[in-house]
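Working notes, structure below.
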Amino acid sequence: MNANEISFENLPKAVAFLSHQIEELKTIVKNKGTIEINNKKNPISIDQACTIIKKAKPTVYTLVRKRQIPHYKNGKKLYFYEDELLDWIAQGKRKTIQEIDEIAHKTGKRFK
C-alpha cells in the first residue's frame, strides 16, 4: 500500500497497514537494543572471577601477580571479563588419549 491508494473508503485498511508496520518497527528496535546490550563487555569483580574459575581469592591474586590470567587494573581495583576468563580456561585443555591416538593415526606416528 502506498500514499496514492489512500482514500476515505480504504482508510481502515491504511490504518491497519500502518499499525502493522509500527509493530514491526517496534520489534526491530526492541531486538536491536537487546543485541547491543549483549554485545557489550561488562567488567566483573574479583569475587565474580573467583566464582567463574572456581578458585580462591588468594589463588586469583597469585595468578594476577604472575600475569597468568587475563585481567585489567585501574588504580587498586582489579577487573576481569567473563569471556576472557572462559577462553583462558579453554586454552588449558588437555587432549584425551583418544584424541592423541587419532592424531597419531593420521600422522602415522606412534606415541608411548
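The values are calculated or read from the model by the stated rules, or taken from the named source; none is laboratory data. This is a predicted model, so every value here is computed, not measured. Note: ideal-geometry Cβ built from the backbone for every residue, glycine included; neighbour counts use all protein chains shown. Ligands, DNA and RNA are stripped out before the accessible areas are found, and what is left, the full protein with its side chains, is counted by its heavy atoms. Shrake-Rupley method; radii C 1.70, N 1.55, O 1.52, S 1.80 Å.
Side notes on the structure shown:
- Of all residues in the range 55-112, those being in a helix (DSSP H, G or I) and open to solvent by 100 Å² or more (accessible area, probe 1.4 Å) number 7.
- Positions within the range 68-80 being closer than 13 Å to Lys41 by Cα and out of contact with any strand residue (DSSP E or B) (no Cβ under 7 Å at 6 or more places or on another chain), in sequence order: none
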